[in-house]
Amino acid sequence: MVYTVLVCDDDQDIRNALKIYLEQEDYQVLQASHGKEAIEIIAQHEVHLILLDVMMPVLDGISTAVKIRETSNIPIIFLSAKAEDTDRVLGLKMGADDYVNKPFNPIELLARVDATLRRYARLGGLEGQALSEEKAETQYQNGGLVLDTVQKQARIDGRELTLTAIEYKILQLLITHLDQVFSSEQIYEKVWKESAFQASKTVSVHIRHLREKIEINPKEPQYIKVIYGLGYKMVTIK
């Protein structure tokens, strides 16, 4: 399968360079110079991953990601010259799957693109395959929360949720292991399929974002609990 990557950056030199790198790895490449153009391209073409600059005219990367997440779970990797932790956390909170600082190493960026697409494929977003084969069940329910691993859909009290690939994987891990505590490192390694690196901060951002979607009051969560000093678990709700 040939994957299509949308490169959205207001710097034409960066777009052209990324196009060369990606096409050398057999990716099909589309280009946009700002967020509004990216959204229009997504509406017209099948896109499997977006490399999204943060600081752009017309519509910046953060606003673009928020708009995309209203209707799509396409993997998003932010590209930004802003390297502060707060910027990285904001990017992840707004729906990004990864965050790469400029100037970036092309080899590292390509590795991140490949890893993100492989994770998304294992979720079924690209290949329609179930991510986990630990259980034969295809539907899991806990209280008003339902996860269908065939349709790749999650619902809370009958309302369909729009989840990123990472959020879906975390949810699947927790709902298929009710009342089991997972450390941040364990969650990172099971979801990202990589050795844990800065796991606590990265996982906490995605957990918080997931809570905002499934909890009535994210500050007093009923589903996903933090076990201080140990990690997170999803409690059984009758």
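List of remarks:
- Qualifying residue in segment 63-73 (condition: open to solvent by 60 Å² or more (accessible area, probe 1.4 Å), on the phi > 0 side of the Ramachandran plot and among the β-branched types (V, I, T)): no
- Selection from segment 178-212 of residues that are more than 22 Å from R69 (Cα to Cα), touching a residue at least 24 places away in the same chain (Cβ under 8 Å), open to solvent by less than 40 Å² (accessible area, probe 1.4 Å) and not hydroxyl-bearing (S, T, Y): F182, I187
- Residue, farthest from A121 (Cα to Cα), within segment 155-169, restricted to residues that are without any contact (Cβ under 8 Å) to a residue 24 or more places away in the chain and under 22 Å from the mean Cα position of the chain (by Cα): R159
- Filter result (in contact with a Phe, Trp or Tyr (Cβ under 9 Å, 6 or more places away or on another chain) and of a type outside the set (F, W, Y)) within segment 58-79: G61, I62, A65, N73, I74, P75, I77, L79
- D60 being at positive phi, open to solvent by 40 Å² or more (accessible area, probe 1.4 Å), modelled with pLDDT under 95 and not aromatic (F, W, Y): no
- Test: residue in segment 22-36 that is under 20 Å from V205 (Cβ atoms) and open to solvent by 20 Å² or more (accessible area, probe 1.4 Å): no
- For Q222, the conditions (1) open to solvent by 80 Å² or more (accessible area, probe 1.4 Å); (2) polar (S, T, N, Q); (3) within 17 Å of K93 (Cα to Cα) all hold with the exception of (3).
- Residue match in segment 74-86 (condition: of a type in the set (F, W, Y) and either part of a helix (DSSP H, G or I) or without any contact (Cβ under 8 Å) to a residue 12 or more places away in the chain (or both)): no
- Output for segment 93-120, where each listed residue is among the aliphatic types (A, V, I, L, M) and modelled with pLDDT of 85 or more: V100, I107, L109, L110, A111, V113, A115, L117
- Residue in segment 38-50 that is surrounded by fewer than 23 Cβ atoms within 10 Å (Cβ to Cβ), more than 17 Å from A165 (Cα to Cα) and touching a residue at least 40 places away in the same chain (Cβ under 8 Å) present: yes
- Considering only residues in segment 121-144 that are in contact with a helix residue (DSSP H, G or I) (Cβ under 8 Å, 6 or more places away or on another chain) and within 30 Å of I216 (Cβ to Cβ), the one that is modelled with the highest pLDDT turns out to be N142.
- Condition check for F104: surrounded by 21 or more Cβ atoms within 10 Å (Cβ to Cβ), under 26 Å from A121 (Cβ atoms) and touching a residue at least 12 places away in the same chain (Cβ under 8 Å): no
The values are calculated or read from the model by the stated rules, or taken from the named source; none is laboratory data. These numbers were taken from a predicted model, which means no experiment stands behind them. Please note: Cβ atoms are built from the backbone with ideal geometry, for glycine as well, and neighbour counts cover all protein chains shown. We work out accessible area using only protein heavy atoms, side chains counted, and drop any ligands, DNA or RNA first. Shrake-Rupley method; radii C 1.70, N 1.55, O 1.52, S 1.80 Å.
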